[in-house]
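Colleague: For reference, the structure I am asking about is given below.
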Amino acid sequence: MTDATSTSANTPSSGNGEASGRDVGLVGLAVMGQNLVLNLAEHGYRVSVYNRTTETTDEFVDRQPFGDHIVGYETIEQMVASLSRPRRIILLVKAGVVVDKVIESIVPFLDDGDIVIDGGNSLYTDSTRRQTALADQNIHFIGAGVSGGEEGARNGPSIMPGGASEAWPHVKEMLQAISAKAGPAEDEPCCDWVGPEGAGHYVKMIHNGIEYGDMQVLAEAYAIMSAQGRANGEMAATFAQWNDGRLKSYLVEITSEILAHTEESGQSTIDLILDAAGQKGTGKWTVISAMELGQPMMLVAEAVGARMVSSFVETRARAAEVLPGPDASPALDASLTLDDIGDAIYAAKLISYAQGFMTLDAASEEFGWSLDLGSIAKLWRAGCIIRAVFLDDIARAYAEKPDLENLLFDPFFADALSSAIAGLRKTVVAAAAAGLAVPAYASALTFYDGFRTARGSANLIQAQRDYFGAHTYERLDKPRGEWFHTDWVGSGAAAVSGSYSA
Ligand code: 6PG
């Protein structure tokens, strides 16, 4: 490899002369890749594109409206050679081994200081590994979470970059230009540096986990309203109304549109869709990481589990025949109102986000990433799937108190939760009495009640652990950090037999 000789091409080039080199390369012309290329070209960047299948490249380049702002190349080598230095190459390929293979195929043509940006849904530990490996070859690696689906990629996604911070000045202007904008004047980019190593993909992973939770929370509202006998049109109107207030969000908006959608026959599309949810793994990764960090991201865990249960289509049909519900499947409590259900959604979301930010906080501490939680909330205000007015409140909470111990301690959230919790409780009780599964709501309520219990029942767990495994316990009548063991069967008395270190 040779040294990079030219300076950063952070802004779009004015001319189109190949001598100065093109602005950015992109590998992977699936839906997300194509839309991101169009977004870059619309912002004046001259993009060199490469796809494993040349027909896809040709087809895309032929029908795009930005002329020579988008040029296709048949080989990676040609694509890399077309770029000005330090080269900036975005990968939008399938997460996993494909990313490694593409990196392997690009590296031989790169020079010191060139930048590789992985914009897929990669596992954060892979991004940490890739950054370290590429740093050894003087290549800067950025793992960038990109959220917003096809529409976001085209018109402005939320972008969460992390990794080699030296590369940030070279890509900042470009990534911020193509990102969604939020704030009162809609001029604050939903793209900012997140942190070192796999921090960008970690934050995207937590975003996706929260996305699973939000979707489950809305699906449970749909289940309850259906059980109340409400028609799809009425539910669509209810979601639309909710989208005018504190629940205003992309997912509530699309839920309303989905429920209103009909087939040519007039039948509701939603009624024709098999109730078996897919998943690609980011929700599961979120839960695994949260568990590893000792953080109870239980609402998301329930959302992942609910997708798993939903996939047991045939087994559920058999279970429906043999496993009884409550007596004669009573109807839902008639006094349960739409306001109660709206409160349940809001309270469950507040608790889910609190759990998500607890996990981010713990990850920041564990990995030494110094994550700025307020700035992360700001990145999610527009462009991404979980965008919601609610994120403004979270950003404000952390701006006012960056060392906030827990989101639920912020006065706004504490008040909001105390007024919505009764609706959540009523909804969970009504659903349980009617034999209707509401795992996300039940989990949120259980967390709330456990979290606000100053003296719980884990004393019994500690006693059991000490009984069968001499694991020792701390005592209320002794200072914290002193450990005791009881000879539970020996004398029959609960005599403290000594002080142990944990
Ligand atoms: C986004 C989404 C996206 C993800 C889908 C599907 O932020 O744009 O999170 O990255 O691919 O949500 O995820 P599942 O297939 O796991 O539901």
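Colleague: Where the only charges are on Cβ atoms (+1 Lys, Arg; -1 Asp, Glu), what is the dipole of the chain about its Cα centre, to the nearest 20 debye?
Modeller: 720 debye
Colleague: Once ligands and nucleic acids are excluded and a 1.4 Å probe is used, how much of Phe312 is accessible, expressed in Å² to the nearest 10?
Modeller: 110 Å²
Colleague: Another question about this same structure. Under the √(5λ) rule applied to the eigenvalues of the Cα gyration tensor, what semi-axes describe the equivalent ellipsoid of the stretch 143-201? Give them in Å, descending.
Modeller: Ellipsoid semi-axes (Å, largest first): 19, 13, 9.
Colleague: Something else now. Test of understanding: express the Cα radius of gyration of the stretch 74-144 as a ratio to 2.2 N^0.38 Å, with N the residue count.
Modeller: Compactness ratio reported: 1.01.
Colleague: What value does the stretch 395-477 have for Rg/Rh, both radii from Cα atoms and Rh as Kirkwood defines it?
Modeller: Using only Cα positions, Rg/Rh for the stretch 395-477 is 1.12.
Colleague: Restricting to DSSP H runs of at least four residues, report the calculated mean residue ellipticity at 222 nm for the chain, -39500 (n - 2.57) per run over all residues, nearest 500 deg cm²/dmol.
Modeller: Calculated from helices alone, the mean residue ellipticity at 222 nm is -16000 deg cm²/dmol.
Colleague: Continuing with this model, one more query. Among Ala458, Gly325, Cys384, which residue has its Cα furthest toward the positive end of the charge dipole of the chain, with +1 on Lys/Arg Cβ and -1 on Asp/Glu Cβ?
Modeller: The Cα lying farthest towards the positive end belongs to Ala458.
Colleague: Taking Rh as the Kirkwood radius computed over C-alpha pairs, what is the Stokes-Einstein D of the stretch 167-280 at 4 °C in a medium of viscosity 1.567 mPa s, expressed in µm² per second?
Modeller: Answer, rounded: 76 µm²/s.
Colleague: Another question, if that's okay. Taking H as built 1.01 Å from N, whose amide H comes closer than 5 Å to the amide H of Arg387, not counting residues under 5 places away?
Modeller: Distant-sequence amide H within range of Arg387: Tyr250.
Colleague: Along the charge dipole of the chain, Cβ charges K/R +1 and D/E -1, which of Thr427, Thr359, Tyr467 sits furthest on the positive end?
Modeller: Toward the positive end, the furthest listed residue is Tyr467.
Colleague: While we're on this one: How much length would be gained if the chain were fully extended between Asp275 and Asn138, taking 0.36 nm per residue of separation minus their Cα-Cα distance, in nm to one decimal?
Modeller: Additional length available on full extension: 44.4 nm.
Colleague: Which peptide among 281-294, 116-129 comes first, and what is the full order, when sorted by highest mean count of other Cβ atoms within 10 Å?
Modeller: By packing density, highest mean first, the sequence is 116-129, 281-294.
Colleague: Using square roots of five times the C-alpha gyration tensor eigenvalues, list the equivalent-ellipsoid semi-axes of the stretch 354-502 in whole Å, biggest first.
Modeller: 39, 23, 13
Colleague: Another question, then. For the stretch 335-434, what are the per-bin percents of Cα-Cα distances with bins 10 Å wide, up to the bin holding the maximum?
Modeller: Percent of Cα pairs in each bin: 15, 42, 28, 12, 2.
Colleague: Moving on to the next point. Treating each Cα of the stretch 38-126 as an identical point scatterer and ignoring solvent, apply the Debye formula and state log10 I(q)/I(0) at q = 0.25 Å⁻¹.
Modeller: Log10 of I(q)/I(0), two decimals: -1.43.
Colleague: If eta is 1.306 mPa s and T is 10 °C, what Stokes-Einstein diffusion coefficient results for the stretch 260-356, Kirkwood Rh from Cα pairs, in µm²/s?
Modeller: Value of D from the Cα-based Kirkwood radius: 94 µm²/s.
Colleague: Within 12 Å, Cβ to Cβ, of Gly423, how many net charges do the neighbouring residues add up to if Lys/Arg are +1 and Asp/Glu are -1?
Modeller: -1
Colleague: How large is the accessible surface per residue of the stretch 97-180, computed with a 1.4 Å probe and reported in Å² as a whole number?
Modeller: Roughly 33 Å² per residue, with all protein chains present.
Colleague: Right, something else. For the stretch 341-357, what does the Karplus curve 6.51 cos²θ - 1.76 cosθ + 1.60, with θ = phi - 60°, yield as ³J(HN,Hα) per residue in whole Hz, taken in order and with x for Gly and Pro?
Modeller: 5, x, 5, 4, 4, 5, 5, 5, 5, 4, 5, 5, 5, 4, 5, x, 6
Colleague: Compute the normalised compactness of the chain: alpha-carbon radius of gyration over 2.2 N^0.38 Å, N being the residue count.
Modeller: So the chain has a normalised radius of gyration of 1.12.
Colleague: May I ask for the net charge around Met225, where only other residues with Cβ less than 13 Å from the Cβ of Met225 are counted and Lys, Arg are +1 while Asp, Glu are -1?
Modeller: That sum, taken over residues with Cβ under 13 Å, equals -3.
Colleague: Size of the dipole of the stretch 382-473 about the Cα centre, Lys and Arg at +1 and Asp and Glu at -1 on the beta carbon, nothing else charged, in debye to 20?
Modeller: Dipole size: approximately 340 debye.
Colleague: Follow-up question, since we're still on this one. Name the residue farthest towards the positive end of the dipole of the chain from the options Val27, Leu408, Leu92, assuming +1 on Cβ of Lys and Arg, -1 on Cβ of Asp and Glu, about the Cα centre.
Modeller: Leu408
The values are calculated or read from the model by the stated rules, or taken from the named source; none is laboratory data. Keep in mind the model is a prediction, meaning the values are calculated, not measured. Ideal geometry is used to build each Cβ from the backbone, glycine not excepted, and the neighbour counts take in all protein chains shown. With ligands, DNA and RNA removed, areas are computed over all heavy atoms of the protein, side chains included. Shrake-Rupley method; radii C 1.70, N 1.55, O 1.52, S 1.80 Å.
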